[in-house]
1. Taking interchain pairs and intrachain pairs at least six residues apart, which have beta carbon atoms under 7 angstrom, with the first residue in the range 13-39 and surrounded by fewer than 23 Cβ atoms within 10 Å (Cβ to Cβ) and the second outside any helix (DSSP H, G or I)?
2. Do we find that Gly43 is surrounded by fewer than 23 Cβ atoms within 10 Å (Cβ to Cβ) and closer than 30 Å to Pro190 by Cβ in this structure?
3. Look through Arg104, Arg184, Arg123 and report the one residue that is in a helix (DSSP H, G or I), modelled with pLDDT under 90 and either basic (Lys, Arg) or surrounded by fewer than 16 Cβ atoms within 10 Å (Cβ to Cβ) (or both).
4. Mind listing whichever residues of the range 290-309 are touching a residue at least 60 places away in the same chain (Cβ under 8 Å), surrounded by fewer than 24 Cβ atoms within 10 Å (Cβ to Cβ) and among the aliphatic types (A, V, I, L, M)?
5. In this structure, does Ser96 turn out to be touching a Phe, Trp or Tyr at 6+ places or on another chain (Cβ under 8 Å) and either surrounded by fewer than 23 Cβ atoms within 10 Å (Cβ to Cβ) or more than 25 Å from Gly72 (Cβ to Cβ) (or both)?
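The values are calculated or read from the model by the stated rules, or taken from the named source; none is laboratory data. Just so we're clear, the structure is a prediction, and the values are computed from it rather than from any experiment. Cβ coordinates were reconstructed from backbone atoms using ideal geometry, including for glycine residues, and neighbour counts include every protein chain displayed.
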Amino acid sequence: MRTPAGLPAAMSWALGSGTILQGLNSAILAVALVSIGNQFGHGPAMAWVVSALYLSAAVSSPTGGRLADLYGPRRLYLTGLMITLLASVLGPFAPSLEWLVADRLLLGMGTALQFPTAMAIIRQQAERLDANPSGALGVIAVCGQTTAALGPSVGGPIVVLWGWQAIFWVNVPMVANSLFWVLRHVPPDPARTRTGLRSTLRALDPVGLVLFVVTLTLLMLGLLSLEQGGAWGWFAGAVAAGIVLVTWSVRYPSPFLDVRLLSGNPLLWRTCVRAIVTYVSFYTIFYGLPQWLEASRGLDPAQAGLLMFPVFGVGALSTLVASRLGSRVSPRVLLLVGSLAMVIAGTLAATVVGTDAPIWLLVLVGALCGLPNGFNNLGNQLILHASVHGEQAGVASGLYRTSQYIGAALAAVLAASALTPGRGDGGIAILGCSIAVLGGCLLLAAVVALVRGRSA
């Protein structure tokens, strides 16, 4: 039997040139937060600078996939690049924290469109050319992981030299590069039947979309208000909005959040919950540790970015090791290893890392913090793949990716609440305890699944 050839390398790398933007803009912000806070003021509101991108991406990513089916994925890919360019030009001139949050919302919208549209283009071209898409999918994965890993280390010197505004300017040449290569190497979309406004709205489920945003926003406001004692009204509103969201989603033919698929598939909803918890832990370190290194240890952004490299370097290595093990052991074993590493890393951060801890200890704890993500993420993805039929894979992947965004947004709240001025250790103990507790919950769930013989 003939093995299909791969898709053209130039097209694959052209698509990858735009998908790097979300990972980069997620990662590079980590070393700019202290500088932004110095200009606009530190406090819980800083959490929205981080969360805005993820809230926007949680909505825009699945929405972009649906719009790509209606209007063509290449058009939506290019539209995302133009939105990213606009946000990147406006961001450095934000006059207040509120305007900066609004710009990050716009940036999240633009950068979230590249991944689902690139996936749609790869699928479309693989069918048209009778080609194997695996090479192109590998290029997209490499592009996303590389920029996420290098973002803080590259961003640190940029912030030192040109200020926090430079984290936006760096997008401009990258967007221009992506525009050039996509226009040159990605074939135009096929001719399509004109789509009306009514059909577009029916496909997007704007009511479900708004309810999702309201629910998550109220939840975050409640978490941010815990220390002030006014959280319970926000939480009550979040519960009420969540109930309305679920009720609407059950009845709508093509809902924004497909709760019917979740409710009928215990493996899937457990995987999504684990993804939220895993990414709360990962992004708590991702954003919390650089801020602590700068604010409490007195390091500049370049030094903080360099000390973050072990987190991402070990994370990349753990992904490779977990990939090798994934073909030999059960996903439950991967989850056990990742969860145990979370408990150990969090416990060390809470008990032995302080404002006078030696650099080698910070490197060690950072490396341990990078270990869980590779094992937990791959274990969850393997279970996700096995939990749904082929025709449900796209929707299930969208739910999983949305779970990651929710975890990242909640992590921003946790980091902002822990790293408040006045604490003797700068808040690192709270961050460590939080990671250890989250890891303990995942570890307990993995052990129970192992004992009961469940997949997860």
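1. Close Cβ pairs satisfying both conditions: Ser35/Gly163; Ser35/Trp164; Ile36/Trp164.
2. For Gly43, the condition - surrounded by fewer than 23 Cβ atoms within 10 Å (Cβ to Cβ) and closer than 30 Å to Pro190 by Cβ - is not met.
3. When all the criteria are applied, what remains is Arg123.
4. The answer is Ala295, Ala302, Leu306.
5. It is true that Ser96 is touching a Phe, Trp or Tyr at 6+ places or on another chain (Cβ under 8 Å) and either surrounded by fewer than 23 Cβ atoms within 10 Å (Cβ to Cβ) or more than 25 Å from Gly72 (Cβ to Cβ) (or both).
Conditions tested, residue by residue: (1) of a type in the set (Gly, Ala, Ser); (2) touching a helix residue (DSSP H, G or I) at 6+ places or on another chain (Cβ under 8 Å); (3) at pLDDT 85 or above; (4) not assigned by TED's automatic domain parsing to the domain that holds His42.
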| site | (1), (2), (3), (4) |
| --- | --- |
| Val413 | no, yes, no, yes |
| Leu419 | no, yes, no, yes |
| Gly427 | yes, yes, no, yes |
| Cys433 | no, yes, yes, yes |
| Leu442 | no, yes, yes, yes |
| Ala449 | yes, yes, no, yes |
| Gly453 | yes, no, no, yes |
